[in-house]
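**Q** Mind having a look at this structure? Questions to follow.
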Amino acid sequence: MKRIITLLLVLVLTISVVNIFALADAPDLTGWNDNDLKTLYSAVRAELARRGIPLTEKLTLREGKFIIGEDIIPGTYKITCIETAGETYGNVYSSLGDVYKGFDSDNDGLGALMGSLGNMMGQVFNTSVEIIGDYGNVLRSFELKKGESTSITLTEKTALKIADGTCELEAN
């Protein structure tokens, strides 16, 4: 009988310890007010930045300037061009060529020329990427075609500027 009672007590203690650890995984924040949650979020975000851990796996960046430490957490990233302005312009010229062919099917010269110009635009215009330091100094700059990628290290008090395209930023 003592063995059964001892076994039951061990089983109850084991189940209660497992439940305590299960509850410790997800803290109950329902009793917290908005200011407390914002303070916690800021502290967690600052610690993530200190460790170089990004908030998301991939971040899509359209044309613009992004402040490191505010918009993007500092760290080492793989940047990949997913669209260039040349492709956009190229599609416009190709579409104009198709429209012209539709109006004048006997004379295909200008329509073919517009289509060729559209193909060329996609090859000529690339996405420009700059890492900007204090006072607007360009610390590093490069161009990417669609599908090309490189590794970059972003530090606080710098900015990342994307022009003529869209890039995807992924943590290394």
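Throughout, read-outs are computed from the coordinates displayed, never taken from laboratory work. Here the structure is a predicted model, which means the values were calculated and not measured. Glycine also receives a Cβ, built like all others from the backbone with ideal geometry; neighbour counts cover every protein chain displayed.
**Q** Which order, highest average first, do 77-88, 128-139, 149-160 follow once you tally other Cβ atoms within 10 Å for each residue and take the mean per peptide? Could the numbers behind the result be given before it?
**A** Numbers: 77-88: 19.3, 128-139: 13.3, 149-160: 15.3.
Top to bottom by mean Cβ count within 10 Å: 77-88, 149-160, 128-139.
**Q** Once the piece of chain linking residue 37 and residue 171 is laid out straight, how much longer is it, given 0.36 nm per residue of separation minus the C-alpha distance between them?
**A** Between residue 37 and residue 171, full extension yields an extra 45.6 nm.
**Q** Additional query: For residue 142 and residue 58, what does the FRET efficiency come to when R0 = 22 Å and r is the distance between their Cβ atoms, rounded to the nearest 0.05?
**A** On the way: r = 20 Å, r/R0 = 0.90.
Plugging the Cβ-Cβ distance into 1/(1 + (r/R0)^6) gives 0.65.
**Q** Next up: How high is the FRET efficiency from residue 113 to residue 88, r the C-beta distance, R0 25 Å, rounded to 0.05?
**A** On the way: r = 19 Å, r/R0 = 0.77.
FRET efficiency, residue 113 to residue 88: 0.85.
**Q** While we're looking at this one, here's another question. Could you tell me which of the pairs 101/145; 58/157; 78/161 are separated by over 27 angstrom between their Cα atoms in the structure shown?
**A** Cα-Cα > 27 Å for 101/145; rest within.
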